[in-house]
Amino acid sequence: TPAAPHSASGEAVRTFDLSAVAPPARPARRWTPRRVVATPAAYDHAHGRRIMARVEALGIEVERLAANRLTGVRGETDRETYARAKATMAIVVSPPARRKLQPIAPSADWRFDLAEGCPAHCQYCYLAGSLSGPPVTRVYADLDDILAGLAAYAGHGTITSRRAARRDEGTTFEASCYTDPLALEHLTGSWRRAVEHFGGWDAPVQLRWTTKFDDVASFVGLPHAGRTRVRLSVNCAPVSTRMEGGTSSVPDRLAALRRLALDGYPVGLTIAPIIAVPDWQEHYGLLLDQVVAAVAGVPGLDLTAELITHRFTPGSKEVLLGWYPRTKLEMDEESRSRKHGKFGAVKYVYPAETMRQLRGWFETEIARRLPSCRILYWT
Ligand code: SF4
């Protein structure tokens, strides 16, 4: 049992039951796709062949497609298409447009992609409004070229230089915009290679990703050089237990965060989407208590928080209602404020007063319960 944490004044502070965040007794949650296909182009890449070998070693057959176009995922109904697509993994070469990196404020200077799509079933999934077509998970075979292409972007970007909370992170690269890395790592090995790539990079750079899975065993002991910040995406129990199908439980995610922090990784919390459920102060308070227990006694803890409130667009609402027709997720335009995002796109966010209350509460309670935690942004 770790020693009771002490405040700066030496006074004992509240302790929490660490059993809630102890390393899970059961194995980490791992996705087994029902169908794995590979395009002819994927066979031309060493990493593509590595992924195929991994998948076959797990006893899953890899189906070689006749052309570089993905076929056979449409069902008779939208529901059937959704179910088929969500159970399919395609090993493909990344589209050329993805190789030109885009800025991704406020999360990082640049985003790059090692995969697109996710096997989990979150009822608010942000991919719903961003990706088109059936939600197949595509993993990229041209990993070596993708990683080599990042060098041109180091030293450029605007995030680090203008945000005090970032301290000395260098140029930041976000690798989880369109996927969940730890949902796929056992099948691809891609993010592990990315950690090693950044660990050996002789420049001030940081790899970042966020996840709702807990499969971190293969990252412990890697030569990460403190250049990868893994954030665990967490939420209060009414949201995480009812709306995040197919993900690891929050206690398991926090146990994973602890393991990484003990291995010297900078870590973080992505609290998203923050939803104003009834009694939200109480529920998010319990979540923060779990985090306090998870990081208790970690030497040299480097913990950040990114706070993202729930929002939706007309397009994402329509897709999500198609995927999850019985969802209890509140997406009521009348009770929201209408905002115009980039290129004039409409989004619905909480009204100013709710935002003010949520923000004030999170900033106060994080400072009180997790004084060393740096809040990177609120949105
Ligand atoms: Fe979407 Fe993330 Fe949930 Fe996957 S884990 S379904 S990407 S919200």
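Every number in this text was worked out from the coordinates using simple rules, so none of it is lab data. Note that this is a predicted model, so its numbers are computed, not measured. Cβ coordinates were reconstructed from backbone atoms using ideal geometry, including for glycine residues, and neighbour counts include every protein chain displayed.
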(request) Provide the per-residue ³J(HN,Hα) series for the stretch 39-49, in order, calculated from phi with Karplus coefficients 6.51, -1.76, 1.60 and θ = phi - 60°, each as a whole number of Hz, with x at glycine and proline positions. (result) 7, x, 5, 5, 5, 7, 10, 4, 5, x, 5
(message) Only Cα pairs within less than 10 Å get springs; with that Gaussian network setup on the chain, which residue of P33, P266, P351 has the largest fluctuation?
(response) P351
(message) Which one, G245, F343, G322, projects farthest toward the positive side of the charge dipole computed for the chain from Cβ point charges (K/R +1, D/E -1)?
(response) F343
(request) Starting at the first residue of the stretch 61-70, write each ³J(HN,Hα) from the Karplus equation 6.51 cos²θ - 1.76 cosθ + 1.60 with θ = phi - 60°, in whole Hz, x for Gly and Pro. (result) 6, 9, 8, 8, 6, 6, 9, 7, 9, 7
(request) Considering Cα pairs under 8 angstrom that are at least six residues apart, work out the relative contact order of the chain and quote it in whole percent. (result) 16
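Which percentage, to the nearest 5, of the DSSP beta bridges contained in the stretch 106-217 is antiparallel? All intermediate terms of the calculation are to be shown ahead of the outcome.
Working: 2 of 9 bridges.
Antiparallel bridges: around 20 percent, rounded to the nearest 5.
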(message) Straight-line reach only, C-alpha to C-alpha below 18 angstrom: list the lysines that K86 could link to, leaving out same-chain residues fewer than 8 apart.
(response) K212
(message) Let me test this: with uniform point scatterers at the alpha carbons of the stretch 136-226, what is the Debye-based log₁₀ I(q)/I(0) at q = 0.11, 0.12, 0.18, 0.24 1/Å?
(response) -0.33, -0.39, -0.88, -1.40
(request) Rounded to whole Hz and in sequence order, give me ³J(HN,Hα) for the stretch 77-85 from the Karplus expression 6.51 cos²θ - 1.76 cosθ + 1.60, θ = phi - 60°, writing x for Gly and Pro. (result) 10, 4, 4, 5, 4, 4, 5, 5, 5
(message) Could you work out [θ]222 nm for the chain from helices alone, using -39500 (n - 2.57) per DSSP H run of at least four and dividing by all its residues? Round to the nearest 500 deg cm²/dmol.
(response) -9000 deg cm²/dmol
(request) Would you pull out the residues with amide H under 5 Å of Q206's amide H, same chain only if 5 or more places away, H placed 1.01 Å from N? (result) T171, T172, F173
(request) Identify all aspartates and glutamates with a Cα-Cα distance to K339 below 20 Å; exclude those on the same chain that are fewer than 8 residues away in sequence. (result) E318, E330, E353
(message) Test of understanding: what is the full-extension gain from D279 to A345, defined as 0.36 nm times their sequence separation minus their Cα-Cα distance?
(response) 20.6 nm
(request) Quantify how much of the Cα-Cα distance distribution of the stretch 197-278 extends past 17 Å, in percent. (result) 48
(message) For E333, E244, which order do you get if you count the other beta carbons within 10 Å of each Cβ and list the fewest first?
(response) E333, E244
(request) For the chain, build the convex hull from the C-alpha positions and give me its volume per residue in Å³. (result) 149
(message) Just to be sure I understand: of the beta bridges DSSP finds with both ends in the chain, what percent are antiparallel, rounded to 5?
(response) 25
(message) Compute, for the stretch 190-340, the length of the dipole vector about the Cα centre, with Cβ point charges of +1 (Lys, Arg) and -1 (Asp, Glu) only. Units Debye, rounded to 20.
(response) 320
(request) Please identify, among T137, T158, T171, the residue showing maximal mean-square fluctuation in a Gaussian network model of the chain using a 10 angstrom Cα cutoff. (result) T158
(request) Run the quick spin-label model on T354 and R374: label points 7 Å from Cα toward the beta carbon, then report their separation in nm to one decimal. (result) 3.2
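What size of dipole, in debye to the nearest 20, comes out for the chain about its Cα centre when the only charges are +1 on Lys and Arg C-beta atoms and -1 on Asp and Glu C-beta atoms? Show your work: numbers first, answer last.
Working: 49 positive and 40 negative charges, 98 e Å.
The dipole of the chain has a size of about 460 debye.
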